[in-house]
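Dropping a structure here in structure tokens format, bear with me for questions.
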Amino acid sequence: MKQIIVGVDTHKSTHVAVAIDDQGARLGTLSIPATAHGYAELATWARALGSVRAFGIEGTGSFGAGLSRSLRARGHAVIDVARPNRQWRHLHGKSDGLDAESAARSVLNGQATAPAKSQTGSAEMIRHLKIARDSAVKSRYQAMVTLKTLIINAPEGLRDSLDRIRGRVALIRHAAALRPGDMTSPTASAKMAMRAIARRWLALHEEAQTLEQDLERLVRGKAPDLMDAQGISTMTVAEMLILVGDNPERIKSEGALAKLCGVCPIPASSGKTNRMRLNRGGNRQANAALYRVAIVRMRGHPPTRSYVAKRTADGKGKREIIRCLKRYIVREIYRHLCAPPRAQLSA
């Protein structure tokens, strides 16, 4: 039986699949609804065409997440495929069928090789909780900015009384306890608005703290040794676990993890010029987490401070030193999260 590769262009309600054989010949096209019944129909259709080598799916972390989980549960190999670039689309046109065929050919020619995340374990649970926590923290910050704006624009007597309060939490609790009384003046309406926003801030603060406690429990259970490392916080480990996923074996080396985080140098040579530049790609949230760890270690970690002094004496700039530090931190994270266990020596 001939081997086939199926490429899938994913959308919110429907997915379009194109199958090609190992010689690149197009075998057929199928459009399915984004439901469990549609996923089963796609698997049956693909098996009827031949032995399925792999499914190349665009957006395995968004619209294609359900399809990816369904196919993996059926024992199929699922490859995460990046969307075609604009230049390719400008030359070849844009349609769901063409995008699906492009996904299949990316798998065939070896351009797409990364297995999709399984999204069935604790890393996916951490991702859900971190999304909720980050949203609560962002809304809490916006509530504080809005409250301070109201205080600045408040009637003179109310503003003077609030300006005398020192401390953010004290100000929030005082505003949450305001009694506006009858709505007959701007002072009463300002108190009503401030009380509503302050109580919103307190609710969001409690929500964020609860989610952070749940995150710490999950993260410590997943990577206890990494949690105890210098300068690495719960949110940093959570970000790295989300990046790695529940199947860390898909990341073959620490260099691959460094590329995912955007901390590997990029060649920028032309003609007589031979140089490297900083990588602006990769997962920017993970990159920012590594940056925070590097800054904390530069301030209070003696080995890191010695390394910075040595590289500074060698003529390296601060940006390059931080990139090198982030690369070392990636190596440490890879050892804890991705490195395969050492084979036990036979007695």
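Output the qualifying pairs, or none if there are none: Cβ atoms under 7 angstrom, residues six or more apart or on different chains, first residue in the range 235-256 and free of Cβ contacts under 8 Å to residues at least 12 places away in the same chain, second residue of a type outside the set (Ser, Thr, Tyr).
Between residues of the range 235-256 that are free of Cβ contacts under 8 Å to residues at least 12 places away in the same chain and residues that are of a type outside the set (Ser, Thr, Tyr), the close pairs are GLY255/CYS264.
If you don't mind, there's one more thing I want to ask. Can you name the residue in the range 56-76 that is open to solvent by 50 Å² or more (accessible area, probe 1.4 Å) and out of contact with any helix residue (DSSP H, G or I) (no Cβ under 7 Å at 6 or more places or on another chain) and, of all such residues, is nearest to LEU30 (Cα to Cα)?
In this case the residue turns out to be PHE63.
Against the condition charged (D, E, K, R), farther than 30 Å from ARG305 by Cα and at pLDDT below 95, how does ARG166 come out, does it pass?
For ARG166, the condition - charged (D, E, K, R), farther than 30 Å from ARG305 by Cα and at pLDDT below 95 - is met.
Among the residues that make up the range 171-185, is at least one of them under 23 Å from GLU207 (Cα atoms), open to solvent by less than 50 Å² (accessible area, probe 1.4 Å) and part of a loop (DSSP other than H, G, I, E, B)?
Within the range 171-185, one or more residues are under 23 Å from GLU207 (Cα atoms), open to solvent by less than 50 Å² (accessible area, probe 1.4 Å) and part of a loop (DSSP other than H, G, I, E, B).
Still on this structure: Counting only residues that are aliphatic (A, V, I, L, M) and surrounded by 13 or more Cβ atoms within 10 Å (Cβ to Cβ), which one in the range 36-50 is farthest from LYS12 (Cα to Cα)?
Checked the range 36-50; the qualifying residue farthest from LYS12 (Cα to Cα) is LEU49.
While we're here: Restricting the range 47-101 to residues that are under 26 Å from the mean Cα position of the chain (by Cα) and β-branched (Val, Ile, Thr), which is farthest from GLN111 (Cα to Cα)?
Here the answer is THR60.
A further question on this structure: Mind checking whether some residue in the range 235-250 is outside any helix (DSSP H, G or I), farther than 23 Å from ILE295 by Cβ and out of contact with any Lys or Arg (no Cβ under 9 Å at 6 or more places or on another chain)?
Within the range 235-250, none of the residues are outside any helix (DSSP H, G or I), farther than 23 Å from ILE295 by Cβ and out of contact with any Lys or Arg (no Cβ under 9 Å at 6 or more places or on another chain).
If the requirement is being open to solvent by 50 Å² or more (accessible area, probe 1.4 Å), of a type in the set (Gly, Ala, Ser), at pLDDT below 95 and outside any helix (DSSP H, G or I), which of these qualifies: ALA347, ALA339?
ALA347
Right, something else. Could you list, ordered by first residue, the pairs with Cβ atoms under 8 Å in which the first is in the range 260-282 and small (Gly, Ala, Ser) and the second is surrounded by fewer than 11 Cβ atoms within 10 Å (Cβ to Cβ), at least 6 apart or interchain?
As it stands, the answer is GLY262/ARG280; ALA268/ARG275; ALA268/ARG277; SER269/ARG275, since those pairs meet every condition given.
Follow-up question, since we're still on this one. Against the condition in contact (Cβ under 8 Å) with a residue 12 or more places away in the chain, part of a strand (DSSP E or B) and farther than 18 Å from PRO115 by Cα, how does ALA46 come out, does it pass?
In short, no.
Right, next: Identify the single condition in (1) within 27 Å of GLN119 (Cβ to Cβ); (2) open to solvent by 90 Å² or more (accessible area, probe 1.4 Å) that ILE333 does not satisfy, given that it satisfies every other one.
(2)
Hey, any hits in the range 203-212 for a residue that's among the charged types (D, E, K, R), assigned to a helix (DSSP H, G or I) and under 26 Å from LEU337 (Cα atoms)?
Yes, there is a match, as at least one residue in the range 203-212 is among the charged types (D, E, K, R), assigned to a helix (DSSP H, G or I) and under 26 Å from LEU337 (Cα atoms).
Still on this structure, I have one more. Checking ASP134 against (1) open to solvent by less than 50 Å² (accessible area, probe 1.4 Å); (2) closer than 24 Å to ALA238 by Cα; (3) among the acidic types (Asp, Glu), which single condition isn't satisfied?
Single failed check for ASP134: (1).
Taking ALA286 and the conditions (1) loosely packed, with under 14 Cβ neighbours inside 10 Å; (2) touching a Cys at 6+ places or on another chain (Cβ under 7 Å); (3) not basic (Lys, Arg), which numbered condition does it fall short on, given that it satisfies the others?
(1)
Looking at ARG140, ARG127, ARG133, which one is under 22 Å from ALA198 (Cβ atoms), in contact (Cβ under 8 Å) with a residue 40 or more places away in the chain, assigned to a helix (DSSP H, G or I) and within 16 Å of the chain's Cα centre (by Cα)?
ARG133
State all residues of the range 289-302 that are crowded, with 20+ Cβ neighbours inside 10 Å and either hydroxyl-bearing (Ser, Thr, Tyr) or touching a Gly at 6+ places or on another chain (Cβ under 7 Å) (or both); if no residue qualifies, say none.
Listed by number, the residues that qualify are VAL293, ARG297.
Right, next: Can you tell me which residues in the range 249-281 are open to solvent by less than 30 Å² (accessible area, probe 1.4 Å) and closer than 22 Å to THR120 by Cβ?
Those that are open to solvent by less than 30 Å² (accessible area, probe 1.4 Å) and closer than 22 Å to THR120 by Cβ: ILE251, LEU257.
Just one of (1) within 30 Å of MET125 (Cβ to Cβ); (2) crowded, with 17+ Cβ neighbours inside 10 Å trips up ARG53, so point out which.
(1)
Now, a different point. Please name all residue pairs, on different chains or six or more residues apart, with Cβ atoms under 7 Å, provided the first residue is in the range 1-27 and is free of Cβ contacts under 8 Å to residues at least 60 places away in the same chain and the second residue is among the hydrophobic types (A, V, I, L, M, F, W, C) and open to solvent by 70 Å² or more (accessible area, probe 1.4 Å).
Sorted first by the residue in the range 1-27, then by its partner, the pairs are THR10/PHE63; LYS12/PHE63.
The values are calculated or read from the model by the stated rules, or taken from the named source; none is laboratory data. Everything numeric in this text was worked out from a predicted model, so none of it was measured. As a convention, Cβ positions derive from the backbone with ideal geometry for all residues, glycine included, and neighbour counts pool all protein chains shown. Note: areas computed on protein heavy atoms with side chains; ligands, DNA, RNA excluded. Shrake-Rupley method; radii C 1.70, N 1.55, O 1.52, S 1.80 Å.
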